[in-house]
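Encoded as structure tokens, the structure appears first; notes follow it.
We did not get these values from a lab; they are worked out from the coordinates using the rules stated. Owing to the predicted nature of the structure, the values given are computational and were not obtained by experimental measurement. Virtual Cβ from ideal backbone geometry, glycine too; neighbours counted across all protein chains shown.
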Ligand SMILES: [Zn+2]
């Protein structure tokens, strides 16, 4: 496993780490909740690495530490849940993204130092 630290790591954004994922979430949000400004916020979300609570955890953190989200938005594709978005108290910020379709997220594990 790579253990890379480099400049700009603190400013890492989710879209830099997972551009496809961000595009997908934005698209699904727009489709399921037209006009919801949440969709426009995804592209600007910071990224704090993959949750390290367990080796198989597929939660991407967009807050510095894991928080229990009071709200969850479920995004579905063709009737199957693909993402859980944890939404914070203000209901305006995504605090975590749980990826449910089992895709490989290990490309960015080097960030979770
Ligand atoms: Zn976790």
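Observations on the model:
- Hypothetical label at residue 33: residues of region 42-70 whose amide nitrogen lies under 18 Å (7 Å Cα-Cβ projection): 42-46, 60-63, 67-70
- 62, 56, 26 arranged by Cβ crowding within 10 Å, fewest neighbours leading: 56, 26, 62
- Whether region 66-105 is rounded, prolate or oblate, judged on the alpha carbon gyration tensor where a/c under 1.5 counts as rounded: oblate
- The calculated FRET efficiency for the pair residue 40 and residue 78, based on their C-beta separation and a Förster distance of 25 Å, comes to about 0.55.
- Spin-label proximity, residue 16 to region 31-70 - amide N less than 14 Å from point 7 Å beyond Cα toward beta carbon: 44-49
- Three-way shape label, region 11-105, alpha-carbon gyration tensor, a/c 1.5: rounded
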